[in-house]
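Heads up: the structure comes next, in structure tokens.
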Amino acid sequence: MAITVFNGTMQKFGAPDTVIHQYDHWSVLLRPAQLTLGALVLVAHEPVHAFSELSPASFVELHQVTGQIESALQKAFQYDKLNYLMLMMVDPDVHFHVIPRYAQAISFNDRAFVDAGWPAVPNFGQINDTDSATRQLIIERIKACWERGA
């Protein structure tokens, strides 16, 4: 299902340009500020501001979504760990920051991506510099690794 109206959180994170995959209740977007290579934002479509307010159908679909995120990111970039962070301090719509974690720097498009927080919590103060062309290549790599028919 492709949605045509993007909530404020999705727009802040670049929708529709950064959308990787859409579901009935969730959208997966590339996080424009690449904390680590392949950092994503998983945003709920429902107009609620608390995780517990999501519909049962949204929770059921979340199982499928997280499985496909993990599979695609593993195929695309072979992360060492994956963090889901639900911070919602600035953007009120229910969303997760999905942060692949890497023990070593990883190269993509002739750039070295460093996980500045490894092995502790992600360091949101250190972003890997990317341009729009590199971000588009990251989106294309993830899409190419996404489960078909999903």
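The values are calculated or read from the model by the stated rules, or taken from the named source; none is laboratory data. Every value quoted in this text rests on a predicted model; they were computed, and no experiment measured them. Note that we place each Cβ from the backbone using ideal geometry, even for glycine, and neighbour counts take in every protein chain shown. Surface areas here come from the heavy atoms of the whole protein model, side chains and all, with no ligands, DNA or RNA. Shrake-Rupley method; radii C 1.70, N 1.55, O 1.52, S 1.80 Å.
Some points to look at:
- So GLY67, is it exposed (fewer than 13 other Cβ atoms within 10 Å of the Cβ) and within 22 Å of CYS145 (Cα to Cα): yes
- In the stretch 53-75, the condition of being assigned to a strand (DSSP E or B) and under 15 Å from the mean Cα position of the chain (by Cα) is met by no residue.
- Qualifying residue in the stretch 128-144 (condition: open to solvent by less than 50 Å² (accessible area, probe 1.4 Å), part of a helix (DSSP H, G or I) and in contact with a helix residue (DSSP H, G or I) (Cβ under 7 Å, 6 or more places away or on another chain)): yes
- Close pairs (9 angstrom Cβ cut-off, 6 or more residues apart or separate chains): surrounded by 13 or more Cβ atoms within 10 Å (Cβ to Cβ) in the stretch 1-17, of a type in the set (Lys, Arg) and part of a helix (DSSP H, G or I) anywhere: GLY14/ARG135; ASP17/ARG135
- Residues being among the charged types (D, E, K, R) and under 14 Å from the mean Cα position of the chain (by Cα) - total across the stretch 97-150: 5
- Residues (open to solvent by 10 Å² or more (accessible area, probe 1.4 Å) and more than 10 Å from the chain's Cα centre (by Cα)) located in the stretch 24-40: ASP24, HIS25, ALA33
- Residue within the stretch 89-102 that is modelled with pLDDT of 95 or more and surrounded by fewer than 14 Cβ atoms within 10 Å (Cβ to Cβ) present: no
- For beta carbons closer than 7 Å, sequence separation of 6+ or different chains, a first residue in the stretch 18-42 that is in a strand (DSSP E or B) and a second that is among the aromatic types (Phe, Trp, Tyr), the qualifying pairs are HIS21/TRP146; LEU29/PHE13; GLN34/PHE113; VAL41/PHE13; LEU42/TRP26; LEU42/PHE96.
- Flag for SER107 being surrounded by fewer than 13 Cβ atoms within 10 Å (Cβ to Cβ), among the hydroxyl-bearing types (Ser, Thr, Tyr), modelled with pLDDT of 95 or more and under 19 Å from ALA15 (Cβ atoms): no
- Count of residues meeting criterion [under 20 Å from GLY14 (Cβ atoms) and polar (S, T, N, Q)] in the stretch 113-125: 0
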